[in-house]
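The values are calculated or read from the model by the stated rules, or taken from the named source; none is laboratory data. In this text, all values refer to a predicted model and were calculated from it rather than measured experimentally. Glycine also receives a Cβ, built like all others from the backbone with ideal geometry; neighbour counts cover every protein chain displayed.
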Amino acid sequence: MRSLVNRVGVAAAAAGALIPASVYAAAVEGAVQKQATNYSAIVMFLIFVFATLGITYWAARRTKSAKDFYAAGGGITGFQNGLAIAGDYMSAASFLGIAGLVYTSGFDGLIFSVGWLVGWPIILFLVAERLRNLGKYTFADVASYRFQQTPMRTMAACGSLATVTFYLIAQMVGAGKLIQLLFGMDYLWAVVIVGVLMIAYVTFGGMLATTWVQIIKAVLLLSGASFMAFAVLAKFGFSPEAMFTTATQVHPKATGIMAPGALISDPVSAISLGMALMFGTAGLPHILMRFFTVSDAREARKSVFYATGFIGYFYILTFIIGFGAIVLLLAPDATGAYPFLDAAKLAAAGGKPAPAMIIGGSNMAAIHTAHAVGGDLFFGFISAVAFATILAVVAGLTLAGASAVSHDLYASVIAKGRASEHDEIRVSKITTVVIGIVSIFLGIAFENQNVAFMVGLAFVIAASANFPVLLMSMFWSKMTTRGAVLGGWIGLISSVTLLILGPTVWKSVLGNPAAIFPYDNPGAFTIPLSFLAIWFFSITDNSKAAQDEREAYKAQYIRSQTGLGAEGASAH
Amino acid sequence: MKENAQRILANPKFQELVQKRSAFAWTLSIAMLVIYFGFILLVAFGKGFLGTPIGNGVTTWGIPVGLFTIISAFILTGIYVHRANGEFDELNRQIMEESK
């Protein structure tokens, strides 16, 4: 670690990259430069932390009611919400994970990006305005609108918590790896810092603080990634063809990186992954929650438009950055050395570079690339931004998880709607602390998994448990509580079971010789299964309650279409 | 509220709004699904095509096809928001006005 920073520091200083000479005037020794490097990264990160804690303080003073806490008072504009949604989506997993995936597999990374993006238009066309018109704080408000509260909310809350947990694991792993590399700090410490800060943002500042932390980070990340992609392309005279040519020359897979490869090994995997990514987006509780922070359906639509633009742009940048990593990390520098590859592994392979030799693992490809294009200062900036990204996303996830517990489980199921706002918020804050502590432990347990895959797991659950119930509750008048609850549970249990029996967990995590279920993504099976179960258990339900629920569809329908009686923005 | 609801349901403009908006939303959804699953099916069955270089270079057809999918998502959302926030919202405003 030290030697890496030293060598790169020397190389960057020698090349006269971005750093003003005066900063290094007195620093001749590599060791001193290393301190300077750490210093700039830490300072930038601390500035972010203090700024966001300041916002949290400001938000805490304005957060009084439950509506303030869960939905930022409903006063966020479409553009702001678009940035915040994009921020939630541009997680460390998509930034570090996709850049890492492009770096190791080339084109395959683009398949993930595309899948992650195309859920957005579907959310806009079919879900966004109905969701905004019907809901209050959580997607369970919408899913349970005309149904029996206790079973529906219990099921929806469990779906939310399962999704949030897998997503959180990915974020915590990203945080740990990043800080190991950047500060040379223990993995454990990094995970603890993230846990503590996210508890602070959410418990004190609620949704208002969480949204603004996300907006600031989205702007920083988009700016940083734009600069990186620009710098990479500039090295090739802005000719992607020239960049691809060099990449195929230095990558061991050669022209294989320009075509779909081994990552998607068969049609079932490809379609399964596609379905999970597309429909999973529409079932992520922390994203769905953002639609309640704007004043009406009109602003909700605008948020999706802006979010789709920012996310699409960001994924194009990530693809370029991934190729930048190939051409910069796998090619020797001016002195013939490979400063970003593990020297021992390189020597063992007879000096022939391979992507797997990267220091810190493939998730660090984007960070090393930042170092290569922008020197120590920019390396510090991107590291700080990546850490900030993790913080912002975990805050959003934690708020979604805590709302599922306090608003759905506590207020509706346990207290049967008789809990005061004050109690509900208190339960939410306690849950936030618990989720913070649990995620620290999970982060430690899952240290060695690829983070992009972990997010994929969260998507399968969201697509199989949350999405079918949400969609059918809004579109199908004949759905009943029984159908929705059984369908939701079947989707949740089948996706979790098949995930555990699949290669990612059964083979890689649990160390069994072969997976029982052959596919990494069970989405192609579990999503239709869930829809089928909702349909079957609804049409066979002839109870009186079921009849009433079908009758109630009309009123729900009018509200979902026109916004009549929908939650507005709060007074202040 | 209940009376309001009856008046809204009976309003021909409400039927018009719902029909037009649903048809538009489903058309665009299907367009997106066709584009995306077309891409995924190419990944699954047409690896050869996506891996074919354009002309004599190394850039393959997979790159523009992937980029097209990303950009089409943005354009489709733009088309929907333009019409929904204009035409459909105006219609909705009229319905709400008349139901008072």
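Assorted remarks:
- In the stretch A:76-107, the residues that are more than 19 Å from the chain's Cα centre (by Cα) and either at pLDDT below 90 or under 27 Å from A:Val232 (Cβ atoms) (or both): A:Tyr103, A:Thr104, A:Ser105, A:Gly106, A:Phe107
- Pick from the stretch A:521-560, criterion surrounded by 14 or more Cβ atoms within 10 Å (Cβ to Cβ) and of a type in the set (Asp, Glu), ranking: farthest from A:Leu126 (Cα to Cα): A:Asp541
- In the stretch A:306-327, the condition of being among the hydrophobic types (A, V, I, L, M, F, W, C), surrounded by fewer than 24 Cβ atoms within 10 Å (Cβ to Cβ) and touching a Pro at 6+ places or on another chain (Cβ under 9 Å) is met by at least one residue.
- Looking across the stretch B:18-51, the residues that are more than 7 Å from chain A (Cβ to nearest Cβ) and over 21 Å from B:Ile70 (Cβ atoms) come down to B:Gln19, B:Lys20, B:Arg21, B:Ser22, B:Ala23, B:Phe24, B:Trp26, B:Gly48.
- For the stretch B:90-100, filtered to residues that are among the polar types (S, T, N, Q) and in a helix (DSSP H, G or I), the residue that is nearest to the other protein chains (Cβ to nearest Cβ) is B:Asn92.
- Residue in the stretch A:258-275 that is facing chain B (nearest Cβ under 7 Å), closer than 24 Å to A:Asp141 by Cβ and part of a helix (DSSP H, G or I) present: no
- Among (1) within 13 Å of another protein chain (Cβ to nearest Cβ); (2) under 16 Å from A:Arg146 (Cα atoms); (3) among the β-branched types (Val, Ile, Thr) - the single one A:Ile534 does not satisfy: (1)
- Verdict on A:Tyr187 being within 30 Å of A:Thr52 (Cα to Cα) and crowded, with 24+ Cβ neighbours inside 10 Å: no
- For the stretch A:274-318, taking the residues that are polar (S, T, N, Q) and under 12 Å from A:Tyr89 (Cα atoms), the one that is modelled with the lowest pLDDT is identified as A:Thr281.
- First in the stretch A:231-254 and among the hydroxyl-bearing types (Ser, Thr, Tyr), second anywhere and outside any loop (DSSP other than H, G, I, E, B) and crowded, with 18+ Cβ neighbours inside 10 Å, Cβ under 8 Å, 6 or more apart: A:Thr246/A:Val327; A:Thr248/A:Ile257; A:Thr248/A:Met258
- Single match in A:Val385, A:Val434, A:Val393, A:Val427 (criterion: of a type in the set (A, V, I, L, M, F, W, C) and farther than 30 Å from A:Ile42 by Cα): A:Val427
- Which listed residue is surrounded by fewer than 24 Cβ atoms within 10 Å (Cβ to Cβ) and at the interface with chain B (Cβ under 10 Å from one of its Cβ atoms), from A:Asp68, A:Asp108: A:Asp108
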